[in-house]
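Q: One structure follows; several queries about it will come next.
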């Protein structure tokens, strides 16, 4: 193997040369001036060091247990080869390390230990190599073991330099935030320091003062680094510390440097708030201004500590067994021993539901009984829940001399009594509840004076009285017209309703606007015997009268034997043709439903003939009105009649009133008396308005007329 | 069949075993690289462990009511006062402000983008001196109870994707809605009512549709789907007994079905059968619970005054607000309202005033009402649309008319109660009301914050579906700490 032996000899020579070079470096260390290119070489140290560690450790194992290679043809060459390679790498590593050590930022003493153990590894390894080649068996093994120990020590010291002193063991003895209760916590020691320790101190500490800055003790934080103080008390937002943190990650000066563990969003906010809040070290969190941003941010770190109680948690299975569909018990949050109970479904409620909570009465801190029908006696059972903090009794109907019982609940912070008719003398019991933070008394019918007194005696309690009927008048909503049919044969019954019980309803059937003085008051169902427009409004004390509700009711009439429209209705609204007008199908607010005939270009000119002359008392025209949709009352209505053996004559010509503003969609009925004429034929001309009025967006355009029924009686 | 199963079981050999183990370890290693906290702590990403730990911390908001203003109300006529727009009325939107923002097809063809200021006046209210427009007088009264966020921004520019994004965390449908996630994460408070209810109303303004995909359970179990209450006499469809059927008859019938189902369950052991029995029972309980909750006839007169008389007309926004309070009071975890009609591309002054009239009083009433019952501190109320509107006019500016197109870069919403800091204004926009200058809040940040208030770490509530783990906040979202109590 000439090649092998040549390689070995070259390497051995290189190794000896390296020894010499290293010796020179050690001696002249303090006087070295490195060109930039060698600084780069120096910085390869953290990369290179892994090779010698691995190779030398493998070598050590092979020296200690040569049997591993018993199957190999040349075990000795292999072992010595690995050792040699490892030594060459360790030579490079040591050289690079010595270069790196000249850079500033590291504490000399810490480096010294690492440096010497590292060099020792190189020297010991070389000795091992030599003695292995010479087969000094016992010496080999001793040296191999010491080499391994040396490697571990050097490696650990190096790691401490880069990652921080207690890097290796820190996960085992981490000081967690939660171990300090919020009340005790200090701004620096329990909030800021842990962050700095985790993310900054590994490079800014006694042993490794990058930028000459230390962040491991308050005094050094205040001193600052090579660029001066890092905290600017005048302009906190200009503080160097903050500026470096807030630089974009890509920036060279961003801290922590790219590749190191970064500060989380929360941590940055916390540090920011802490600096803005003038950098307190010894201040307790509880002494911060309640509005301070720092406090608010820091608080969340301690949240899990809140709601801890001195009582033990209830047995989970017991809690589960007490749950039913109408009584829900659950922990106020998963880590808490406190339980809250909600009751639902008043029909399934009885006092036993509360008494059944006896086994967990200690753990219950919140009870919601709103809307459950409580009787006066029932209050007594609540006294058992000594740890109760929140009690909701809204609309439970309590009100007698029972609130006294609550004074035993020393932990009660929030009490809701809204919707209960509390008697004025009960305020005495309430004024004793000094422990309350919140008291809800809306809709309790307590007079103002009583509430004022209460507020005076419960100075630490926020009393909420809610919405007061402050005399603002609102408009009522219109009544609901309830009916079975709008077209009837003999008579029909109509009911009026309103969702507010206290309202009075007034109506007219003669197409005059209803009001509360001259109109009919609704007391019992209205019976209509002829076609009419029912118009109704609602009135109530404390409210403005409602807008009008109206519906047209049609009494079915005589149907002519012959019908003809001179002009067809508009193509879009032609329904079933002229028959639509006599099909007794009342149209609704959808004028495109086919129940309505629409006319715009042409008038409705309807000819109606009877085989036998008929007595007609009245003609009723049922219209739809919606000015926003261009649907107006007709401009002119003409009724032509031909009596028995008579000639056509105009009986009536009418011009209905036109609206002067757009109204809601509505139904309308125009009725004309006919004086009991004996009629053979009848002609009805209804003309849409030719030009929409000035106030309308479509001014000047033609209006529409919509008709669904013509009724002859 | 059994033979095949047996063979399959035996079809294991050393090579297969090793290759599987090898792959398994390899993928674990890869997984740990890709998901750094896979092995961190004890919870890891194991869904069951995560779900068992829910809520992750003490919830501030036990229940949520979301008053969604569908169609996107203009921030410039509500909470984001920009007098500069009135000064520069009719002048061109500078490109230095627009910065290439994409526009919808509705205005991208416009040759000019004239700035337009609010036709409504603004006043300052409350301790925060918040600007509120004159068309929201009732909201102005509760300003000290709400937190106005002026710096919302979204990614979508059209209604449907924006709405879907808000509700499900993704612009494309099929993900579970926010309410479904909460139902999944926290379950129901009251087992006699659905945990997630949906109420719809519609204003007179130009509207945009809402679809049931917005309250879908997505890939979650269907029990988490939102239950839509209708404005008819039957708020929950098919819940009432048919005429002539007594409650005892129904009980008997259910008992018989249950015993049949039970027999089947014992035979097959299919958990779905058990689920079915439970659902029948829940429906039976809902038959009494729903009418009790939806009955507004026993509400005191002052409540009618508070919400406005419209609250007595089923299907109106006011009635839905009142119903939302009643549902929430009865332990419904998430009540989702939608009020349609806020899409003012034109005719803005008129339509917006009407829309505001529809919602202003009742929205404010809801806050007051919850407060006077001592429920506001545990109920979170959210008011807002899916995006904002442009500071330039769509079409021509007239003396009494203008319109605004969609604008995703900045818009305003408000939140109240449930752990949200009251009486503050969060975030700021530039003088043109176009870009955010302070504290931007992305939709995912907003969702993360809501989950946080409900006691949920948004990164830890996950559901594995089709091979990937899903969250409401997808892969981002930061809790907006500044608005928390």
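Q: Being at pLDDT 95 or above and in a loop (DSSP other than H, G, I, E, B) is true for just one of B:68, B:79. Which residue is that? Spell out how you get there, then give the answer.
A: On the way: B:68 fails: in a loop (DSSP other than H, G, I, E, B).
Exactly one of B:68, B:79 is at pLDDT 95 or above and in a loop (DSSP other than H, G, I, E, B), namely B:79.
Q: Would you call residue B:443 over 12 Å from residue B:152 (Cα atoms), in contact with a helix residue (DSSP H, G or I) (Cβ under 8 Å, 6 or more places away or on another chain) and either at pLDDT 95 or above or surrounded by 24 or more Cβ atoms within 10 Å (Cβ to Cβ) (or both)? Steps first, please.
A: On the way: over 12 Å from residue B:152 (Cα atoms): no; in contact with a helix residue (DSSP H, G or I) (Cβ under 8 Å, 6 or more places away or on another chain): yes; either at pLDDT 95 or above or surrounded by 24 or more Cβ atoms within 10 Å (Cβ to Cβ) (or both): yes.
No: the conditions fail for residue B:443.
Q: Here is a follow-up. Kindly establish whether residue B:406 is assigned to a loop (DSSP other than H, G, I, E, B) and buried (at least 18 other Cβ atoms within 10 Å of the Cβ).
A: Numbers: assigned to a loop (DSSP other than H, G, I, E, B): no; buried (at least 18 other Cβ atoms within 10 Å of the Cβ): yes.
Considered against the rule, which asks whether it is assigned to a loop (DSSP other than H, G, I, E, B) and buried (at least 18 other Cβ atoms within 10 Å of the Cβ), residue B:406 comes out as no.
Q: On the given criteria, is residue A:98 surrounded by 13 or more Cβ atoms within 10 Å (Cβ to Cβ) and not in a helix (DSSP H, G or I)?
A: On the way: surrounded by 13 or more Cβ atoms within 10 Å (Cβ to Cβ): yes; not in a helix (DSSP H, G or I): no.
For residue A:98, the condition - surrounded by 13 or more Cβ atoms within 10 Å (Cβ to Cβ) and not in a helix (DSSP H, G or I) - is not met.
Q: Can you tell me which of (1) away from chain B (no Cβ under 14 Å); (2) crowded, with 22+ Cβ neighbours inside 10 Å; (3) out of contact with any helix residue (DSSP H, G or I) (no Cβ under 8 Å at 6 or more places or on another chain) is the one residue A:403 doesn't meet?
A: (3)
Q: From B:420, B:475, B:480, B:485, which residue is farther than 22 Å from residue B:60 by Cα and either surrounded by fewer than 18 Cβ atoms within 10 Å (Cβ to Cβ) or within 14 Å of chain A (Cβ to nearest Cβ) (or both)?
A: Only one candidate passes the filter, namely B:475.
Q: For region B:327-352, how many residues meet the condition of being within 12 Å of chain A (Cβ to nearest Cβ), out of contact with any strand residue (DSSP E or B) (no Cβ under 7 Å at 6 or more places or on another chain) and more than 30 Å from residue B:294 (Cβ to Cβ)?
A: Residues flagged as within 12 Å of chain A (Cβ to nearest Cβ), out of contact with any strand residue (DSSP E or B) (no Cβ under 7 Å at 6 or more places or on another chain) and more than 30 Å from residue B:294 (Cβ to Cβ) within region B:327-352 amount to 1.
Q: Just give me the residues in region A:586-600 being surrounded by 17 or more Cβ atoms within 10 Å (Cβ to Cβ) and in a loop (DSSP other than H, G, I, E, B), in sequence order. Before the answer, list the steps.
A: Taking region A:586-600 first, the residues surrounded by 17 or more Cβ atoms within 10 Å (Cβ to Cβ) are A:586-587, A:591, A:595-600.
Matches in region A:586-600: A:586, A:587, A:591, A:595, A:596, A:600.
Q: If only one of B:223, B:198 is in a strand (DSSP E or B) and closer than 30 Å to residue B:64 by Cβ, which one is it? Give the derivation first.
A: Details: B:223 fails: in a strand (DSSP E or B).
Criteria check complete, one pass: B:198.
Q: Could you tell me whether region A:106-114 includes any residue that is touching a strand residue (DSSP E or B) at 6+ places or on another chain (Cβ under 8 Å), modelled with pLDDT under 90, loosely packed, with under 14 Cβ neighbours inside 10 Å and outside any helix (DSSP H, G or I)? Before the answer, list the steps.
A: Within region A:106-114, the first condition is being touching a strand residue (DSSP E or B) at 6+ places or on another chain (Cβ under 8 Å), and the residues that meet it are A:106-107, A:110.
In the following step, the residues that additionally are modelled with pLDDT under 90 were identified as A:106-107, A:110.
With loosely packed, with under 14 Cβ neighbours inside 10 Å added as a condition, the list becomes A:107.
From what is left, the residues that are outside any helix (DSSP H, G or I) are A:107.
Among the residues of region A:106-114, at least one is touching a strand residue (DSSP E or B) at 6+ places or on another chain (Cβ under 8 Å), modelled with pLDDT under 90, loosely packed, with under 14 Cβ neighbours inside 10 Å and outside any helix (DSSP H, G or I), which makes the answer yes.
Q: In region A:285-310, how many are touching a strand residue (DSSP E or B) at 6+ places or on another chain (Cβ under 9 Å) and at pLDDT 75 or above?
A: Applying the first criterion (touching a strand residue (DSSP E or B) at 6+ places or on another chain (Cβ under 9 Å)) to region A:285-310 yields A:285, A:296, A:300, A:307, A:309.
Still in the running and at pLDDT 75 or above: A:285, A:296, A:309.
Total satisfying the criteria: 3.
Q: Those residues that are assigned to a loop (DSSP other than H, G, I, E, B) and modelled with pLDDT of 90 or more, I need them from region A:479-494; list them, please. Reasoning before the result, please.
A: Of the residues in region A:479-494, the ones assigned to a loop (DSSP other than H, G, I, E, B) are A:479, A:484-486, A:489-491.
Across region A:479-494, the qualifying residue is only A:479.
Residue-by-condition table, conditions (1) outside any loop (DSSP other than H, G, I, E, B); (2) away from chain B (no Cβ under 14 Å):
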site	(1), (2)
A:372	no, no
A:399	no, yes
A:415	yes, no
A:422	no, yes
A:425	yes, yes
A:436	no, no
A:446	no, no
A:456	yes, yes
A:471	no, no
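Q: To continue, here is another question. Can you name the number of the only condition in (1) at pLDDT below 85; (2) over 24 Å from residue A:65 (Cβ atoms) that residue A:95 fails?
A: Checking residue A:95 against (1) at pLDDT below 85; (2) over 24 Å from residue A:65 (Cβ atoms), the one that fails is (1).
Q: Name the residues in region B:313-326 that are more than 10 Å from chain A (Cβ to nearest Cβ) and outside any helix (DSSP H, G or I), would you?
A: Result: B:315, single match.
Q: When the residues of region A:458-469 are filtered to those that are within 11 Å of another protein chain (Cβ to nearest Cβ) and outside any strand (DSSP E or B), which remaining residue is surrounded by the most Cβ atoms within 10 Å (Cβ to Cβ)?
A: Result: A:466.
Q: When region B:283-312 is examined, which residues are found to be more than 16 Å from residue B:369 (Cβ to Cβ), at the interface with chain A (Cβ under 9 Å from one of its Cβ atoms) and surrounded by fewer than 21 Cβ atoms within 10 Å (Cβ to Cβ)? First the steps, then the outcome.
A: Filtering region B:283-312 for residues more than 16 Å from residue B:369 (Cβ to Cβ) gives B:283-292, B:294-295, B:297.
Remaining after also requiring at the interface with chain A (Cβ under 9 Å from one of its Cβ atoms): B:285, B:288-289, B:292, B:297.
B:285, B:288, B:292, B:297, listed by residue number.
Q: Would you please name the residue that is modelled with the highest pLDDT, looking only at residues in region A:311-329 that are within 14 Å of chain B (Cβ to nearest Cβ) and loosely packed, with under 12 Cβ neighbours inside 10 Å?
A: Checked region A:311-329; the qualifying residue modelled with the highest pLDDT is A:320.
Q: Name, by its number, the condition in (1) at pLDDT 85 or above; (2) more than 13 Å from chain B (Cβ to nearest Cβ); (3) out of contact with any strand residue (DSSP E or B) (no Cβ under 9 Å at 6 or more places or on another chain); (4) crowded, with 19+ Cβ neighbours inside 10 Å that does not hold for residue A:409.
A: It fails just one condition, (3).
Q: Hey, another quick one. Here is a check on your reading of the model: is residue A:269 within 13 Å of chain B (Cβ to nearest Cβ), crowded, with 20+ Cβ neighbours inside 10 Å and under 30 Å from residue A:202 (Cα atoms)?
A: Numbers: within 13 Å of chain B (Cβ to nearest Cβ): yes; crowded, with 20+ Cβ neighbours inside 10 Å: no; under 30 Å from residue A:202 (Cα atoms): yes.
The answer is no for residue A:269.
Q: Residues of region B:411-447 being under 27 Å from residue B:365 (Cα atoms) and not in a strand (DSSP E or B), which ones?
A: Those that are under 27 Å from residue B:365 (Cα atoms) and not in a strand (DSSP E or B): B:417, B:418, B:419, B:421, B:422, B:423, B:427, B:443, B:446, B:447.
Q: Could you count how many residues in region B:276-298 are in contact with a helix residue (DSSP H, G or I) (Cβ under 8 Å, 6 or more places away or on another chain) and in a helix (DSSP H, G or I)? Give the derivation first.
A: So the first thing to find is which residues in region B:276-298 are in contact with a helix residue (DSSP H, G or I) (Cβ under 8 Å, 6 or more places away or on another chain), and the list is B:276-277, B:279-281, B:284, B:287-288, B:292-294, B:296.
Narrowing the set further to residues that are in a helix (DSSP H, G or I) leaves B:276-277, B:279-281, B:284, B:287-288, B:292-294.
Here the count works out to 11.
One line per residue, one yes/no per condition, for (1) touching a strand residue (DSSP E or B) at 6+ places or on another chain (Cβ under 8 Å); (2) closer than 17 Å to residue A:621 by Cα:
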| position | (1), (2) |
| --- | --- |
| A:532 | yes, yes |
| A:541 | no, no |
| A:553 | yes, yes |
| A:556 | yes, yes |
| A:567 | yes, no |
| A:581 | yes, yes |
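Q: Which helices (runs of 4 or more DSSP H) does region A:282-369 wholly contain that include 1 or more residues that are more than 30 Å from the chain's Cα centre (by Cα)? Let's see the steps before the verdict.
A: Working: elements: A:293-299, A:316-322, A:351-355.
Those helices (runs of 4 or more DSSP H) span A:316-322, A:351-355.
Q: Also: Determine which single condition residue A:506 fails, assuming it passes every other condition in (1) in a strand (DSSP E or B); (2) surrounded by fewer than 20 Cβ atoms within 10 Å (Cβ to Cβ).
A: Among (1) in a strand (DSSP E or B); (2) surrounded by fewer than 20 Cβ atoms within 10 Å (Cβ to Cβ), the lone unmet condition for residue A:506 is (2).
Q: Residues that are in contact with a helix residue (DSSP H, G or I) (Cβ under 6 Å, 6 or more places away or on another chain), farther than 19 Å from residue A:20 by Cβ, without any contact (Cβ under 8 Å) to a residue 40 or more places away in the chain and surrounded by fewer than 19 Cβ atoms within 10 Å (Cβ to Cβ): does region A:133-142 have at least one?
A: Scanning region A:133-142, I find at least one residue that is in contact with a helix residue (DSSP H, G or I) (Cβ under 6 Å, 6 or more places away or on another chain), farther than 19 Å from residue A:20 by Cβ, without any contact (Cβ under 8 Å) to a residue 40 or more places away in the chain and surrounded by fewer than 19 Cβ atoms within 10 Å (Cβ to Cβ), so the answer is yes.
Q: Residue check: is residue A:350 in contact with a strand residue (DSSP E or B) (Cβ under 6 Å, 6 or more places away or on another chain), more than 8 Å from chain B (Cβ to nearest Cβ), farther than 30 Å from residue A:217 by Cα and surrounded by fewer than 18 Cβ atoms within 10 Å (Cβ to Cβ)? Quick ask: steps written out before the conclusion?
A: Values: in contact with a strand residue (DSSP E or B) (Cβ under 6 Å, 6 or more places away or on another chain): no; more than 8 Å from chain B (Cβ to nearest Cβ): yes; farther than 30 Å from residue A:217 by Cα: yes; surrounded by fewer than 18 Cβ atoms within 10 Å (Cβ to Cβ): yes.
Considered against the rule, which asks whether it is in contact with a strand residue (DSSP E or B) (Cβ under 6 Å, 6 or more places away or on another chain), more than 8 Å from chain B (Cβ to nearest Cβ), farther than 30 Å from residue A:217 by Cα and surrounded by fewer than 18 Cβ atoms within 10 Å (Cβ to Cβ), residue A:350 comes out as no.
Q: Still on this model: Within region B:164-195, which residues are more than 14 Å from chain A (Cβ to nearest Cβ), touching a strand residue (DSSP E or B) at 6+ places or on another chain (Cβ under 7 Å) and part of a loop (DSSP other than H, G, I, E, B)?
A: Listed by number, the list holds a single entry, B:175.
The values are calculated or read from the model by the stated rules, or taken from the named source; none is laboratory data. As the structure is a prediction and not an experimental result, all values here were calculated from the model. Neighbour counts are summed over all protein chains in view; Cβ atoms, including those assigned to glycine, are modelled from backbone coordinates with ideal geometry.
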